[in-house]
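Asker: Input: one structure, supplied below.
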Amino acid sequence: KDIHEVAKRPLRALFYTIGHVAPALPVNCQIDLLAWLKEMGFPVAENYLQCRDHDGLADFCGKMEDLRGKLDYDIDGVVVKMDDFTLQKKLGFTAKSPKWAIAYKFKPEEKETKLLGVEYQVGRTGAITPVAILEPVYISGSTVSRCTLHNFDEIRRLDLHEADVLTIVKSGEIIPKILSVNTQMRDPQARELPLPDSCPVCHSPLSREPEAAIEYC
């Protein structure tokens, strides 16, 4: 709401379409619209292509996935559109999205980092949630230093040991998640992570209902 505050931030935008134009747009397809926007002085993404067949499209998507880490902005996929505006109009929209466009999402970026420890948080209901403390690592647009382990069963499933090397991803490019443990890099002397049997705040014994996955204070 404060334009002066926004002006202090190094925000950038890349344009790919335009709203209402009177009397009409001077172009009739997406590829020409991008060229026209650039001619009008709007910044546009330089990495786009008019594909003639499925093979060309698959090749372009593969090249963009290889290129994603070299761009100066983050991307998580490629949007494939019907180029001709007349055909776009014929295809129309669903209640939520255009029928003439689809998003191809890349495989989530994976990074390795080191487990520094585990913190046990106590929720409002007394639920105990283990949180992995990680050596900070930059992944998918932000630095990650913490990651939920959900419950004690997840720690057992991963067979976590002290100072393990972990592979992490971001679910939906947002939520950090431990994908796997690199056991080949594990110190032979590393100890299995001990699981607490008492609350980290009030030190009362933890309890767990049958068939439940959560420990409670």
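Asker: Condition check: closer than 30 Å to ASP197 by Cβ and of a type in the set (Gly, Ala, Ser). Does GLY117 satisfy that? Spell out the reasoning first.
Answerer: Working: closer than 30 Å to ASP197 by Cβ: yes; of a type in the set (Gly, Ala, Ser): yes.
Judged against the criteria, GLY117 is a match.
Asker: Can you tell me which residue in the range 106-128 is modelled with the lowest pLDDT, limited to those that are of a type outside the set (Ser, Thr, Tyr) and surrounded by fewer than 11 Cβ atoms within 10 Å (Cβ to Cβ)?
Answerer: The initial filter retains those residues of the range 106-128 that are of a type outside the set (Ser, Thr, Tyr), namely 106-112, 114-119, 121-124, 126-128.
After this cut, where a residue has to be surrounded by fewer than 11 Cβ atoms within 10 Å (Cβ to Cβ) as well, the list is 107, 124.
On the way: LYS107: 89, ARG124: 92.
Among those that are of a type outside the set (Ser, Thr, Tyr) and surrounded by fewer than 11 Cβ atoms within 10 Å (Cβ to Cβ), it is LYS107.
Asker: Moving on to the next point. Within the range 51-97, count every residue that is part of a strand (DSSP E or B), more than 30 Å from TYR138 (Cβ to Cβ) and within 27 Å of the chain's Cα centre (by Cα). Can you show your working first?
Answerer: Step one: list which residues in the range 51-97 are part of a strand (DSSP E or B), which gives 77-81, 84, 93.
Those left that are additionally more than 30 Å from TYR138 (Cβ to Cβ): 81, 84, 93.
From the residues that got through so far, the ones that are within 27 Å of the chain's Cα centre (by Cα) too are 81, 93.
Adding up the residues that qualify gives 2.
Asker: In the range 15-45, what residues are exposed (fewer than 12 other Cβ atoms within 10 Å of the Cβ) and either outside the structural domain of ASP74 (by TED's automatic domain parsing) or assigned to a loop (DSSP other than H, G, I, E, B) (or both)?
Answerer: Residues satisfying the conditions are THR17, GLY19, HIS20, VAL21, ALA22, PRO23, ALA24, PRO26, MET40, GLY41, PRO43.
Asker: Among the candidates ASP66, ASP53, single out the residue that is acidic (Asp, Glu), closer than 21 Å to LYS107 by Cβ and without any contact (Cβ under 8 Å) to a residue 24 or more places away in the chain.
Answerer: Values: ASP53 fails: closer than 21 Å to LYS107 by Cβ.
Sole residue among the options that is acidic (Asp, Glu), closer than 21 Å to LYS107 by Cβ and without any contact (Cβ under 8 Å) to a residue 24 or more places away in the chain: ASP66.
Residues checked against (1) of a type in the set (Asp, Glu); (2) assigned by TED's automatic domain parsing to the domain that holds THR148; (3) in contact (Cβ under 8 Å) with a residue 60 or more places away in the chain; (4) closer than 20 Å to GLU119 by Cβ:
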| residue | (1), (2), (3), (4) |
| --- | --- |
| VAL165 | no, yes, no, yes |
| GLU173 | yes, yes, yes, no |
| LEU195 | no, yes, no, yes |
| HIS203 | no, yes, no, yes |
| GLU209 | yes, yes, no, no |
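Asker: Looking at the structure I just gave you, is VAL131 farther than 29 Å from ARG68 by Cα, modelled with pLDDT of 95 or more, under 22 Å from the mean Cα position of the chain (by Cα) and of a type in the set (Val, Ile, Thr)?
Answerer: Numbers: farther than 29 Å from ARG68 by Cα: yes; modelled with pLDDT of 95 or more: yes; under 22 Å from the mean Cα position of the chain (by Cα): yes; of a type in the set (Val, Ile, Thr): yes.
It is true that VAL131 is farther than 29 Å from ARG68 by Cα, modelled with pLDDT of 95 or more, under 22 Å from the mean Cα position of the chain (by Cα) and of a type in the set (Val, Ile, Thr).
Results for (1) surrounded by 12 or more Cβ atoms within 10 Å (Cβ to Cβ); (2) on the phi > 0 side of the Ramachandran plot; (3) of a type in the set (S, T, N, Q), shown as yes or no for each residue.
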site: LEU134; (1), (2), (3): yes, no, no
site: TYR138; (1), (2), (3): no, no, no
site: GLY141; (1), (2), (3): yes, yes, no
site: LEU158; (1), (2), (3): yes, no, no
site: LEU195; (1), (2), (3): yes, no, no
site: PRO200; (1), (2), (3): yes, no, no
site: GLU211; (1), (2), (3): no, yes, no
site: ILE214; (1), (2), (3): yes, no, no
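Asker: Suppose we keep only residues that are out of contact with any helix residue (DSSP H, G or I) (no Cβ under 8 Å at 6 or more places or on another chain) and modelled with pLDDT of 85 or more within the range 11-23. Which one would you say is nearest to PRO43 (Cα to Cα)?
Answerer: At the first step, the residues of the range 11-23 found to be out of contact with any helix residue (DSSP H, G or I) (no Cβ under 8 Å at 6 or more places or on another chain) are 11-14, 19-23.
Within this subset, residues satisfying the condition of being modelled with pLDDT of 85 or more are 11-14.
Numbers: LEU11: 13, ARG12: 9, ALA13: 7, LEU14: 5 Å.
Ranking the qualifying residues of the range 11-23, first place goes to LEU14.
Asker: Residues that are among the hydroxyl-bearing types (Ser, Thr, Tyr): which strands (runs of 3 or more DSSP E) entirely in the range 124-209 hold 2 or more of them? Can you show your working first?
Answerer: Details: elements: 128-139, 142-148, 165-171, 175-181.
Counting at least 2 such residues, we get 128-139, 142-148, 165-171.
The values are calculated or read from the model by the stated rules, or taken from the named source; none is laboratory data. Since we're looking at a predicted model, the values are computed, not measured. With ideal geometry, Cβ positions are generated from the backbone for all residues, glycine too; neighbour counts draw on all protein chains shown.
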